[in-house]
Amino acid sequence: MASTFAPIFLLLLFFTAAVAEHATKGAAFAPDEADAVISRFQEYLRIDTAHPSPDYAAAAAFLRSHAESLSLQHQTLEFVAGKPLLLLKWPGRRPSLPSILLNSHTDVVPAEPHKWVHPPFSAALAPDGNIHARGSQDMKCVGMQYLEAIRRLKADGFVPDRTIYLSFVPDEEIGGTDGAGEFAVSDTFKQLKVGVVLDEGLASPKPEYRVFYGERCPWWLMIKAQGAPGHGAKLYDGSAMENVMKSVESMRRFRAAQFDLVKTGVKAEGEVVSVNLVYLKAGTPSPTGFVMNLQPSEAEVGLDIRVPPNTDPKALERRIAEEWAPSSRNMTYEFKQKVSVFDMFGRPAITSADSSNPWWTLLEEAIKKANGKLSKPEIFPASTDARFFRELGIPAFGFSPMANTPILLHDHNEFLNKDEYLKGITIYESIIRAFSSYKDSDDESRAEL
Ligand SMILES: [Zn+2]
């Protein structure tokens, strides 16, 4: 019996393996399909959504037409007039389970066309396969890759268990308050029962993709010093300028120590507190500049500080109060912005990136199955919309599948190679499959109640 069944068994094994291969790696793109995929990406890139006057209406119309071609439900939310947020829905078989949210922003930063080889909104495809456009990395690529992955999954007959939402949000590049910020605190958002969010990451010049599980919190600090005015020739203690200089010296030492940790490879950029002086304001104006023989009675400095979410904020606040702006030196300070390092439950606003978090395990495995490699998870050095979701205690990963790509976000000549873009689509196919099929025993029992 064994001899009769062995070949059939082997054949079966072969087919199972082939199907599994297809299901996880994603089939390669036929040349026609690849051309259509790239031209849809180019079309999105050609919509000028640069600040200060992004064409949000055109972007929303474009995305709505794609939603319709994919039979996805869609609604346009406008928390602030003229700033549409497009919400798409692919209903899952088990709508009671927490859903998946794939977020991307539709706006881009401005470009200076004369410094670009190809016009920034031409989406020129160069002979080397690079697609040049503002937004090609940040982050129209990701928004379209979500849609293309869904297109392929649907063509493959895949049906998700968990509902998948896609949010195309405005204004990320100017702080996100009127976009993802409003969305995250809305009743609409509450009803989505989001279990996990994917948002943007950064390109990686190496073969490994980068992934972010938290981000530094901006603290914008303004320090004011006062002191007795005096003749420019006089040496005396406690002038406003001297008080400010002492603070700047102390900050400079702190900054150098933090930067040394990065330079020596002890810590990644997102893991240290960055402090940068962004303005100095002092002096007594004169018709030709400044009065030169007078020491002013007031001086002010502005600092952009970025705080990793696993930092002790109290210790840093103490340092500010005692060393950088001590009242004993006639100094005061106030924050122009101070984003909390904690979520609404008082926990550091980070998403676990280890085996304690099943979404992390799923993400890691899904990327591996699609032939992608991940580097060590990082704290994002600047801000993204993901923070609005982490603040609510929802796990959120920052991930843009761009390996072997120079980091050109916000830079001149931003581009993405078409093969890298196509590969990213297969990565998302794998992630969407894994996330939307995930069976969590807690969720299951909750769903039955
Ligand atoms: Zn971005």
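Points to keep in mind about this one:
- Relative contact order for the range 289-411: 23 percent, from Cα pairs under 8 Å spaced at least 6 residues apart, divided by residue count.
- Seen against the Cα atoms of the chain and their longest principal axis, helix 2-25 is set at about 40 degrees.
- With DNA, RNA and ligands ignored, accessible area of ILE407 (1.4 Å probe; Å², nearest 10): 80 Å²
- Of the trypsin sites (Lys or Arg not before Pro) found in the range 356-439, the ones in coil according to DSSP and having at most 14 other Cβ atoms within 10 Å of their Cβ are LYS373, LYS439.
- Near the amide H of ASP171, within less than 5 Å, lie the amide hydrogens of THR106, ASP107, all on another chain or at least 5 residues away, with H placed in the peptide plane.
- Between the amide H of GLN73 and those of LYS89, distances stay under 5 Å, these residues lying 5 or more places away or on another chain, with hydrogens modeled in the peptide plane.
- Gyration tensor verdict on the range 370-419 (Cα atoms; rounded if a/c is under 1.5, prolate if a/b is larger than b/c, oblate otherwise): oblate
- The Cβ shell under 14 Å around ASP343 holds other residues with a net charge of +1, Lys and Arg each +1, Asp and Glu each -1.
- Linear extension gain, ALA321 paired with LYS336, 0.36 nm per residue minus alpha-carbon span: 3.8 nm
- Backbone N within the range 109-123 under 17 Å of label point (7 Å from ARG46 Cα along the Cβ vector): 118-123
- Put ARG40, ARG46 in order of accessible area, highest first, and with a 1.4 Å probe you get ARG46, ARG40.
- Here the Gaussian network model covers the chain, with springs between Cα atoms less than 10 Å apart; of GLU242, GLU172, GLU414, GLU242 fluctuates the most.
- Short-range pairs are left out: with C-alpha atoms under 8 Å and at least six residues apart, the relative contact order of the range 152-282 is 10 percent.
- Charges were assigned to the Cβ only: +1 to each Lys and Arg, -1 to each Asp and Glu. The resulting dipole of the range 59-178 about its Cα centre is roughly 520 debye.
- Listed values for the range 243-254 are Karplus-derived 3J(HN,Hα) couplings in whole Hz (6.51 cos²θ - 1.76 cosθ + 1.60, θ = phi - 60°), namely 4, 5, 4, 4, 5, 5, 4, 5, 5, 4, 5, 4, and x replaces Gly and Pro.
- Taking Lys and Arg as +1 and Asp and Glu as -1, the other residues whose beta-carbon sits under 15 Å from that of GLU364 total +2.
- For the chain, the longest principal axis of the C-alpha atoms and the axis of helix 56-69 are separated by about 20°.
- Each residue of the range 265-276 is assigned a 3J(HN,Hα), and the resulting list reads x, 5, 9, 7, 4, x, 9, 10, 7, 9, 10, 9 Hz, derived from the Karplus form 6.51 cos²θ - 1.76 cosθ + 1.60 (θ = phi - 60°), x at Gly and Pro.
- Counted residue by residue at 0.36 nm each, then reduced by the alpha carbon distance between them, the extension gain from GLN191 to TRP220 reaches 7.0 nm.
- Computed over the chain: relative contact order in percent, which uses C-alpha pairs under 8 Å that are six or more apart: 24 percent
- In order along the range 211-227, phi translates into HN-Hα couplings of 9, 10, 10, x, 8, 5, 9, x, 10, 9, 10, 10, 10, 10, 10, 10, x Hz, rounded to whole numbers, per the Karplus curve 6.51 cos²θ - 1.76 cosθ + 1.60 with θ = phi - 60° and x for Gly and Pro.
- Each peptide in 207-213, 395-401 receives the mean, over its residues, of other Cβ atoms within 10 Å, and ordering these scores from highest gives 395-401, 207-213.
- Computed on the Cα atoms alone, the convex hull of the range 332-384 gives a volume of 129 cubic angstrom per residue.
- Taking the DSSP beta bridges with both ends in the chain, the antiparallel portion is around 70 percent.
- In the assembled protein chains, LEU374 presents an accessible area of approximately 40 Å² (probe radius 1.4 Å).
- Global form of the range 260-413, assessed from the alpha-carbon gyration tensor, a/c cut-off 1.5: prolate
- Probe 1.4 Å - accessible area at ARG306, Å² to nearest ten: 40 Å²
- Amide hydrogen neighbours beyond the local backbone of GLY230, cut-off 5 Å, H modeled: GLN295
- Counting only alpha carbon atoms, the long axis of helix 418-437 and the longest principal axis of the chain meet at about 80°.
- Between the listed residues LEU192, ILE174, ALA133, the Cα displaced farthest toward the positive end of the dipole of the range 130-253, a dipole computed from Cβ unit charges relative to the Cα centre, is found at ALA133.
- Taking 0.36 nm per residue of sequence separation and removing the Cα-Cα distance, the VAL291/TYR236 pair yields an extension gain of 17.9 nm.
- Ordering of 156-169, 137-150 by burial proxy (mean other Cβ atoms within 10 Å per residue, highest first): 137-150, 156-169
- Shape of the chain, Cα gyration tensor, a/c cut at 1.5: prolate
The values are calculated or read from the model by the stated rules, or taken from the named source; none is laboratory data. The model shown is predicted, which means the values in this text are computed figures rather than measured ones. Counting neighbours? That spans all protein chains shown, and the Cβs are built from the backbone with ideal geometry, glycine included. When the accessible area is computed, the model is the full protein with side chains, heavy atoms only, and any ligands, DNA or RNA have been set aside. Shrake-Rupley method; radii C 1.70, N 1.55, O 1.52, S 1.80 Å.
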